[in-house]
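*Asks:* So that we are looking at the same thing, I have put the structure below in structure tokens.
Taken together, the values in this text are just the output of simple stated rules run on the coordinates, not laboratory data. All figures in this text were calculated on a predicted structure; none of them were measured in a lab. Cβ: placed from backbone, ideal geometry, glycine included. Neighbour counts: every protein chain shown.
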Amino acid sequence: MPHRKLHHIIAGQELVCVKPTDLVSDLVALMQGNHVGSALVLEGDEIKGIFTGSNMLNRFIKAGLDPTNTAVSDVMTPNPVCLDGKEHGIECIRVMRDELAYRT
């Protein structure tokens, strides 16, 4: 993996995207239905955020929010660091480490 480029590593994987105004209940159903652990939050073609299992635990469940009344924008991680897919796997790991990608 360290020598493969990102676009090869993720080729064929399902990408789940939602709008900031979508409800968490709809997002969770979509993620479960597609067997994924995260979703991009888009406004048009612009990435506004990302929603992950970590967001679910740390921003949603801990706060005791209602999934049928909570917008994704309220619990997503805004402005995630984005890569263009040309980076090698090891560079992606460095970016995640340096940007603390797993902390919310």
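*Asks:* Quick query: amide H of Thr70 versus all other amide H atoms, modeled in the peptide plane; which residues come in under 5 Å with a sequence gap of 5 or more or a different chain?
*Replies:* It is Val24, Ser25, by chain and number.
*Asks:* Less than 14 Å Cβ to Cβ from Asn79, Lys/Arg counted +1 and Asp/Glu -1: what total charge do the surrounding residues give?
*Replies:* It works out to a net charge of -2.
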